[in-house]
């Protein structure tokens, strides 16, 4: 079962336009890809954050897709990697990169008076 989180952010255009740049400058992803649509003002960032968790000897990757549209921002978060299970069962209680990104989104929307809507999307395994 794969899952990702989707955030919709609404509010004044000036605050919406600055949000993506502030996010990328404050958290510094490992990789960034940008796309500017020639047809409209849509601007898309794809950022990959990676952190190594020494206690469980694994790497956790967070992929962020940030769509700056004219009247809203759409943010997708997908966490992959890591190790779960019985071996090394105590997962770290420290802040993860996913927590930092979500905290930034909540803080920014609250600070600038934006409206935040969260959608949890779960893709069920299909029977073939």
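Read the figures in this text as sums done on the coordinates, not as results from a lab. Computed from a predicted model, the values in this text were never measured in an experiment. Neighbour counts run over all protein chains shown; Cβ positions are idealised from the backbone, glycine included.
For residue 74 and residue 52, the FRET efficiency from 1/(1 + (r/R0)^6), where r spans their Cβ atoms and R0 equals 30 Å, is about 0.55. Put a dot 7 Å past the Cα of residue 10, heading toward its Cβ, do the same for residue 120, and the two dots end up 2.3 nm apart. What the Cβ-Cβ distance of residue 59 and residue 26 gives, at R0 = 22 Å and to the nearest 0.05, is a FRET efficiency of 0.50. For the stretch 7-84, a Kirkwood hydrodynamic radius built from all Cα pairs, placed in the Stokes-Einstein relation at 4 °C and 1.567 mPa s, yields a translational diffusion coefficient of 95 µm²/s.
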